[in-house]
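Engineer: Quick one: the structure is below, questions incoming.
All of the numbers you see were taken from the coordinates with simple rules; none came from a lab. Keep in mind that what you see is a predicted model, and the values were worked out from it rather than measured. Ideal geometry is used to build each Cβ from the backbone, glycine not excepted, and the neighbour counts take in all protein chains shown.
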Amino acid sequence: MFHFRHFSLYHENSALKISTDAVLLASAVAVSGVRTLLDIGSGCGVIAFCLAWKMQQEKRREDSLQDIIGIDIDAASVDEAMKNLEFFPKKEGQHIAFRQQCIQDFGRQYQGKFDLIVSNPPFFVDSLKPNTAQKNVSKHNDTLPFKDLRDAVVRLLAPQGVFYLILPANESVIFEQMSQDCLFKSYQLKIQPTPFKPVNRIITGYTLSPSQAIKSESLCLRDADNSLSEDYRRLTGDFLIR
């Protein structure tokens, strides 16, 4: 079990365990005014639950409901997310659900729109695959090609909504290039593991209309002495126990 500051989550049976990438994405995403949220490739629910907790901190009208959906094609991951849901401290008016379904089918069938869509998607394309089918699904994009992810987001995102995803630097450029005619960058956070290493992760926010200004930030996870940086501690302070 992984212990956050305000809740704990099981992740032992999920295809992809709770990772720094997931926590960084949840920490960087803004939830002001968000009432509907979709987490694509939700695993044990870590990003959905972190964002649900952030949404609880937002001031809202008593009649303002919050609808959060996580989807994943891995049955064990969805089962674990449902188990976590039993213990998560939901608030009245907050509805959280998880579905075992691919985004391709969900995008064609779901009739609503989302204020916020997030994804920590599988990204390996041609690299050596692990020897378990579950790990293949969680890390390789055979079942979730970037084109299918892009097309589903375009169909499901509300007109004023935002789509955030985290990818390795090279894959982030690939996704941006193939989406430039339909998704427009509004936010970018470039992440370095240490001051001596290049950017290896990028969190990008996209909208359906061009943004007047793109907010760009940078983050180094560790200082020169390999201790956790103050910027990293500050960003993840709502979740991680120090």
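Engineer: Please check the chain for the longest run free of GluC sites (Glu not before Pro) that are loop-located per DSSP (anything but H, G, I, E, B) and have at most 16 other Cβ atoms within 10 Å.
Structural biologist: That gives 93-242 as the longest site-free run.
Engineer: Let me know the Rg and Dmax you get for region 39-119 when you use only its Cα atoms, in Å.
Structural biologist: Taking only Cα atoms of region 39-119, I get Rg and Dmax of 12.6, 36 Å.
Engineer: Something else: If each residue's Cβ is checked for other Cβ atoms within 10 Å, how do ARG242, ARG5 rank with the fewest at the top?
Structural biologist: Exposure proxy ranking, most exposed first: ARG242, ARG5.
Engineer: Once you've got the Cα coordinates, tell me which of LYS113/LYS215; LYS113/LYS197; LYS54/LYS215; LYS17/LYS197; LYS91/LYS197; LYS147/LYS215 are over 32 Å apart.
Structural biologist: Pairs exceeding the cut-off: LYS113/LYS197; LYS91/LYS197.
Engineer: Let me ask another. Quick check on the exposure proxy: order LEU25, LEU183, LEU65 from fewest to most C-beta atoms within 10 angstrom.
Structural biologist: Going from sparsest to densest Cβ surroundings: LEU65, LEU183, LEU25.
Engineer: Separation of region 51-105 and region 210-242 by C-alpha centroid, Å?
Structural biologist: First find each Cα centre; the distance between them is then 25 Å.
Engineer: Cα convex hull of region 143-182: how many Å³ per residue?
Structural biologist: 76 Å³
Engineer: Grab the beta carbon distance between ARG222 and GLN177, set R0 = 41 Å, and tell me the FRET efficiency rounded to 0.05.
Structural biologist: For R0 = 41 Å, the calculated efficiency reads 0.85.
Engineer: Separate question: Of all the Cα-Cα pairs you can form in the chain, what percent are over 31 Å apart?
Structural biologist: Tail of the P(r) past 31 Å holds 18 percent of the pairs.
Engineer: If contacts are Cα pairs under 8 angstrom and at least 6 residues apart, what is the relative contact order of the chain in percent?
Structural biologist: 19 percent
Engineer: Considering the Cα positions of region 1-79, please state its Rg to one decimal place and its Dmax as a whole number of Å.
Structural biologist: 12.8, 37
Engineer: With n ≥ 4 as the cut-off for DSSP H runs, can you work out [θ] at 222 nm for the chain, using -39500 (n - 2.57) per run divided by the number of residues, rounded to the nearest 500?
Structural biologist: -8500 deg cm²/dmol
Engineer: Follow-up question, since we're still on this one. Describe numerically, in nm with one decimal, the distance between label points set 7 Å from Cα along Cα→Cβ at THR20 and at ARG5.
Structural biologist: 2.0 nm
Engineer: What is the order of CYS50, CYS44, fewest Cβ neighbours within 10 Å to most?
Structural biologist: Sorted ascending by nearby Cβ count, the order is CYS50, CYS44.
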